[in-house]
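Structure record follows, encoded as structure tokens.
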Amino acid sequence: MIPLAVLEQIIDASGAAPRIEVMLPIGVRRRQLAVRTLLAGMCLAHADHRPAHLTRVHQALTSLPENDQRRLGVIADWKHGPHRLTCRQTERTFGLVAAALAEDEPGGLPSGRLQSICDDLLEASVPEELKDASSSLAVDWTDLESFSRPPPARGGPCADPEAWWGHRKNNLLRSQDELFYGWYLSAGIMMRDENGPAVPEFARRATLSSPRHDPVRAFAPVLTAMPAAGIPLGDVLSDSGYAHRDADAWAVPLRAAGARLVQDLHPHDRGPKGTHHGAIIANGNLYCPCTPRTLPELGPLARTATSQQAADHDRQTAELARYKLGRLTADDADGYHRVACPAAMGKIRCPLRPSSMTLDRGRPEILTPPEHPQACCTQQTLTVPPEVNAKTAQKHDYPSAAHRRSYARRTGAERGFATAKDPASNDISRGWCRLMGLAPLMLFTVTLLVVRNQRILAAWNARQQENQRRAAAGLPPKTRKRRRKTLAALASAPP
């Protein structure tokens, strides 16, 4: 159980309660339930593994010790004596908060004030000493089913008209996606920096959007607003669902905000995709026009690859890197940069660059240079405009070993959603929250992530203390056992 004092400290640090209070209408009679107490009750309900029901919020508040109830206003002195908070008062205050934070004309996206409140609550749940532990984020979206039944097939209203039909993956043998009626939950989970120490996987940002809207376009403004709040963006790890969007929807605004993209490329974006002044455009880079054809067509390493296959794949990607045009400058204010021929940079031997022919023969050699060389072969440098590789350019060459090791951190997004969908704690499947509309559901979801962050922090602190104890005793740090067994291991096991 997370202590009440910790949850109150998070709410106070976020500054959310007073900002919401000033938005609420002033009635004839003073409200007994303050917004600060309401937020604390929502967090308490999640911390006690209760579903996101207002009756459970009321139960969490009324089950506190009497001195805490009086301090929070759950028990207040009225004209005829002490009065305990009622369910109706809880519903009234929550309804006022949801109405104040909702859009004036609901459209399936959170209002700016709702998103700001949720951002501040999540950021306040990260301890100060760990805020700068990493600047890398693993991002993804998942399904969040509405309690409402879908609209009738013949047309007509339903209880949650802002929600809509979305697609989600299933765990069945068939590969088709299945439909659900509800929302897309997007989240950014803090991951360790490349070659950096491990960090607790906190949820730093989250948003909710109707499937009528693209979840990538809905989440990009949330991430690009982080630098303005004093939180620099580092590596942003995403799958091909993000990389396959138009460059203006994801890659361009993230790079403008200072992010370094580490992403899987969609099969339609892999391989050669045209030329720029003779140089081959492939996998986010420019390559020599005489690059062996099989190298730019390399795909990512299969999950079932053996160690020998992985070594062969890494050797091929290392050879491909020799044919890549080398970057000479960083992007200027307009997004332009300059590159040079790989032979001019001493990576390969080419007769068109006589100085490169003096290099040792361990480098690849162009045996048949083009009869009519283009600008990439004749000029000393080449200017690359921002629209070239705007969607596919990223931190590491794709699909190199360095990219594979860096991209492996993206699984933190899956673990983040797994902890939110764990039936042993707060399972956000249908029925978890029975309120309709984006604002109520997003408030409950974000307070759940706040509580989830505290659970992650408690487990992290316990693990660090255990490692310190083992180090004092001269023992190595405790490692996690690999539970997955492959078919090859089972087949080779003795009967």
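The values are calculated or read from the model by the stated rules, or taken from the named source; none is laboratory data. Every value quoted in this text rests on a predicted model; they were computed, and no experiment measured them. We place every Cβ from the backbone using ideal geometry, glycine too, and count neighbours over all the protein chains shown. Surface accessibility is based on the protein's heavy atoms, side chains included, excluding ligands, DNA and RNA. Shrake-Rupley method; radii C 1.70, N 1.55, O 1.52, S 1.80 Å.
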Subject >> Ranking by accessible area, most exposed first, for TRP460, TRP165 with a 1.4 Å probe >> reply: TRP165, TRP460
Original post:
In terms of modelled amide H atoms, which long-range or inter-chain residues lie less than 5 Å from the amide H of GLU365?
Top reply: ARG349
Original post:
If you plug each phi of the range 232-243 into the Karplus form 6.51 cos²θ - 1.76 cosθ + 1.60 with θ = phi - 60°, what whole-Hz ³J(HN,Hα) values come out, in order, with x for Gly and Pro?
Top reply: x, 8, x, 6, 10, 9, 8, 8, 5, x, 8, 5
Original post:
Can you pull the accessible area of GLU387 for me, 1.4 Å probe, Å² to the nearest 10?
Top reply: 130
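Based on DSSP H runs of at least 4 residues, each adding -39500 (n - 2.57), what is the mean residue ellipticity at 222 nm of the chain after dividing by all its residues, to the nearest 500 deg cm²/dmol? Intermediate values should be presented prior to the final figure.
On the way: 16 runs with 172 residues, N = 495.
Rounded to the nearest 500, the figure is -10500 deg cm²/dmol.
Let me check I've understood the local charge: for LEU208, count other residues with C-beta under 13 angstrom from its C-beta, Lys and Arg +1, Asp and Glu -1. What total comes out? Intermediate values should be presented prior to the final figure.
Details: positive: ARG205, ARG212; negative: GLU103, ASP119, ASP143, GLU145, ASP160, GLU162.
The answer is -4.
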Original post:
When only C-alpha pairs under 8 Å and at least 6 residues apart count, what is the relative contact order of the chain, in percent?
Top reply: 17
Original post:
Against the longest principal axis of the chain, how steep is helix 4-14, in degrees 0 to 90 to the nearest 10, with axes from Cα atoms?
Top reply: 60
Original post:
Using the Karplus equation 6.51 cos²θ - 1.76 cosθ + 1.60 (θ = phi - 60°), what ³J(HN,Hα) coupling, rounded to whole Hz, does each residue of the range 315-331 give in order, writing x for Gly and Pro?
Top reply: 5, 5, 5, 5, 5, 4, 5, 5, 8, 6, 5, x, 6, 9, 9, 7, 5
Subject >> the range 11-60 - percent relative contact order, Cα under 8 Å, separation 6 or more >> reply: 31
Original post:
If we count every other residue with Cβ under 14 angstrom of ALA76's Cβ, Lys/Arg +1 and Asp/Glu -1, where does the sum land?
Top reply: +4
**OP:** Give the angle, between 0 and 90 degrees and rounded to the nearest 10, that separates the Cα long axis of helix 35-47 from the longest principal axis of the Cα atoms of the chain.
**Re:** 70
**OP:** Report which label in (1) 51, 26, 22; (2) 52, 29, 25; (3) 40, 31, 26 holds the value of semi-axes √(5λ) of the Cα gyration tensor in Å derived from the coordinates of this structure.
**Re:** (1)
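Expressed as a rounded percentage, what relative contact order does the range 263-338 have, with Cα pairs under 8 Å and six or more residues apart? Write out the running numbers ahead of the final one.
Values: 67 pairs, mean separation 17.2, N = 76.
Computed over the range 263-338, the figure is 23 percent.
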Original post:
With every protein chain left in place, what is the accessible area per residue of the chain in square angstrom, probe 1.4 Å?
Top reply: 51
Original post:
HN-Hα J couplings of the range 267-279 from phi, Karplus 6.51/-1.76/1.60, θ = phi - 60°, integer Hz, Gly and Pro as x?
Top reply: x, 6, 9, 8, x, x, 9, x, 9, 9, 6, x, 6
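Leaving ligands, DNA and RNA out of it, report the carbon-plus-sulfur percent of the accessible area of the chain at a 1.4 Å probe.
On the way: 13480 of 25430 Å².
Taking all protein chains in place, the chain shows 53 percent carbon and sulfur surface.
Compute the signed sum of charges (Lys and Arg +1, Asp and Glu -1) over the other residues within less than 10 Å, Cβ to Cβ, of HIS244.
Details: positive: ARG245, LYS391; negative: ASP239, ASP246, ASP264, ASP269.
Once positives and negatives cancel, what remains is -2.
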**OP:** Just read off the accessible area of MET23 with the full protein assembly in place, 1.4 Å probe, to the nearest 10 Å².
**Re:** 70
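For a Förster distance of 45 Å, can you work out the FRET efficiency between the beta-carbons of ASN170 and GLU66, rounded to the nearest 0.05?
Working: r = 49 Å, r/R0 = 1.08.
According to the calculation, E is roughly 0.40.
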**OP:** Mind listing the long-range amide H neighbours of LEU261? Cut-off is under 5 Å, sequence gap 5 or more, other chains count too, H placed in the peptide plane at 1.01 Å from N.
**Re:** VAL236, LYS395
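Pop out the Kirkwood hydrodynamic radius of the range 284-365 from its pairwise C-alpha distances, inverse of mean 1/r, in Å to one decimal. If you can, show how the numbers build up before the last one.
Numbers: mean 1/r = 0.0696 Å⁻¹.
Result for the range 284-365, one decimal place: 14.4 Å.
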